[in-house]
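Below: one structure, written as structure tokens.
Taken together, the values in this text are just the output of simple stated rules run on the coordinates, not laboratory data. This structure is a prediction, so every number in the text was calculated from the model and none was measured. So basically every Cβ, Gly included, is an ideal-geometry build from the backbone, and we count neighbours across all protein chains shown.
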Amino acid sequence: MKRVIVGLSGGVDSSVAAYLLKEQGYEVIGLFMKNWHDDSVTISDECPWLEDSNDAMLVADKLGIPFQTVDLSVQYKERIVDYMFNEYEKGRTPNPDVLCNREIKFDVFMDIALELGADYVATGHYCRKGTIEKDGKQIHQLLAGADDNKDQSYFLCQLSQQQLAKALFPIGELQKPEVREIAKAQDLITAEKKDSQGLCFIGKVRLPEFLQQQLKPKAGDIVEVADTFETYSQALPEFDSKENELEFLSKKTVYSLTDGKVVGRHQGAHYFTKGQRKGLGVGGTVEPLFVIDTDVKDNVIYTGQGKKHPGLYRNVLFVTNEELHWVREDLAINEGETMEVMARIRYRQTLEKATLHKVATGMYVEFENKQSAITEGQFVAWYIEDELLGSGVIS
């Protein structure tokens with residue numbers, strides 16, 4: 001019997017993952033990760049870890065599998081929370097869910113599981129794993145979940161071949177309603193439980209309050225830039241190479257205070273992110289204001305009216321070599337090469353046609369259509385059909 005350690009989160013997906021593995025004849029052990037101690041910033045009734053850990057324990061009990069809790073809060077603080085503060089301070093917007101999978105679930109947690117003699121680690125993610133033979137060696141594929149509406153492959157876009165080799169995704173072939181049906185049929189306490197929102201394993205957090213623990217409030221101006229701002233309608237210069245064109249198109253517009261009018265005040269540019277609409281507290285505009293850029297150095301937020309504002313859109317982004325990751329290392333392209341892919345820049349976004357262009361310093365991703373709110377610090381992930389090949393941090 002192969003031993004599998006399941007990350008039991010106290011939700012329905014991981015509960016059903018554990019049940020299915022047991023049915024398949026694996027020796028299953030449930031492990032709950034406690035990653036957070038500070039309840040002052042969580043909206044406590046939304047997702048208290050105590051209730052989750054209790055539900056996980058009741059599920060393990062019902063399934064007749066051993067259960068224990070591991071405290072990873074030190075590693076979580078170092079690898080996720082500190083990184084988040086650091087990124088926000090730089091004016092970038094990190095994705096804690098992607099990091100949590102790379103750094104915690106499939107690294108720290110996986111190490112603990114392997115020490116406990118596990119052959120595999122399983123999670124309740126909606127994605128699938130394929131394995132193919134190539135040049136005499138096994139290659140693992142990260143495939144989209146069968147439920148288009150719940151596909152979570154994007155959150156796993158930073159996994160390596162070594163991590164995938166040890167990973168199992170038991171519910172990847174199922175639709176969410178089927179998962180709930182199985183939980184109900186097995187009388188699992190999590191069958192009707194709402195999906196958790198917010199930061200992985202912390203629960204729903206009031207982000208400004210969470211960030212205020214480290215990043216002090218600092219009043220500054222909110223500037224509204226008109227959609228007629230001349231930079232938006234400038235003709236493109238002539239380029240002597242494709243790379244020069246891509247470099248030009250990937251650069252974000254640099255604004256100054258004189259490019260618009262001051263319409264309000266904010267408590268810190270580092271609390272805001274591109275594309276954000278809520279929390280600006282500015283009324284009286286025909287259409288709602290959206291953040292089109294933040295300047296953390298001068299502490300200014302630039303905004304524009306309506307989600308069609310030209311300041312929100314561009315079609316090329318750049319990933320540096322340091323932040324470029326191929327799940328399928330065997331398919332990585334070399335300098336001067338291109339690849340036609342489907343790509344997304346956020347979870348649940350529909351996949352869009354794009355071309356990858358590898359250059360000496362990194363890689364450009366050129367979308368066929370302009371994308372809204374390409375945000376530094378977030379992840380771009382690219383696919384061919386339903387296989388996720390790689391990803392990178394938008395620079």
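Some observations on this one:
- Segment 12-151 - percent relative contact order, Cα under 8 Å, separation 6 or more: 21
- Summarising the label geometry, the points placed 7 Å from Cα in the beta-carbon direction at residue 299 and residue 256 lie 2.1 nm from one another.
- Long-range HN-HN contacts of residue 157 with modeled amide H, under 5 Å: none
- Annotation for segment 66-112 versus segment 124-141: alpha-carbon center distance of 25 Å.
- Modelled spin labels at residue 116 and residue 216, positioned 7 Å past Cα toward Cβ, are 4.3 nm from each other.
- Spatial offset of segment 173-197 relative to segment 1-29 amounts to 14 Å, using the alpha carbon center of each.
- By the count of other C-beta atoms within 10 Å, a proxy for reagent exposure, 151, 386 are ordered fewest to most as 386, 151.
- From phi via Karplus (6.51, -1.76, 1.60), per-residue ³J(HN,Hα) for segment 140-152 in Hz, x at Gly/Pro: 9, 10, 9, 10, 4, x, 5, 8, 3, 6, 10, 3, 10
- Length gained on full extension, residue 178 to residue 228: 13.0 nm, using 0.36 nm per residue less the C-alpha separation.
- Computed from backbone phi with θ = phi - 60° and the Karplus coefficients 6.51, -1.76 and 1.60, the 3J(HN,Hα) list for segment 342-356 is 10, 9, 9, 10, 7, 4, 6, 6, 5, 5, 10, 5, 8, 10, 8 Hz; x is used for glycine and proline.
- Proximity of backbone amide H atoms, modeled 1.01 Å from N, is registered between residue 69 and 32 at under 5 Å, excluding neighbours fewer than 5 places apart on the same chain.
- Extending 7 Å from Cα along the Cβ direction at residue 194 and again at residue 68 yields two label points whose distance is 3.4 nm.
- From its DSSP helices (H runs of at least four residues, each -39,500 (n - 2.57)), the chain gives a residue-normalised ellipticity at 222 nm of -5500 deg cm²/dmol.
- As a length-normalised measure over Cα pairs under 8 Å and 6 or more apart, the relative contact order of segment 313-393 settles at 40 percent.
- Given R0 = 56 Å, the distance between the Cβ atoms of residue 61 and residue 308 translates into a calculated FRET efficiency of 0.60.
- Taking other Cβ atoms within 10 Å as a rough exposure proxy, 257, 351, 289 sort from fewest to most as 257, 351, 289.
- Taking other Cβ atoms within 10 Å as a rough exposure proxy, 123, 253, 231 sort from fewest to most as 231, 253, 123.
- Efficiency of FRET between residue 370 and residue 337 - r from beta-carbon atoms, R0 22 angstrom, step 0.05: 0.35
- Residue 149/residue 277 FRET efficiency (R0 25 Å; Cβ-Cβ; nearest 0.05): 0.60
- For residue 276, residues with placed amide H under 5 Å, excluding near neighbours: 291
- Cα shape, segment 3-212, gyration tensor, a/c 1.5 rule: oblate
- Over the chain, relative contact order from alpha-carbon pairs under 8 Å, at least 6 apart, %: 17
- Sum of side-chain charges, residue 355 neighbourhood, beta-carbon under 14 Å (Lys, Arg +1; Asp, Glu -1): -4
- DSSP beta bridge pairing in segment 3-212, given as percent antiparallel to the nearest 5: 40
- When both bridge partners sit in the chain, DSSP labels roughly 75% of those beta bridges antiparallel.
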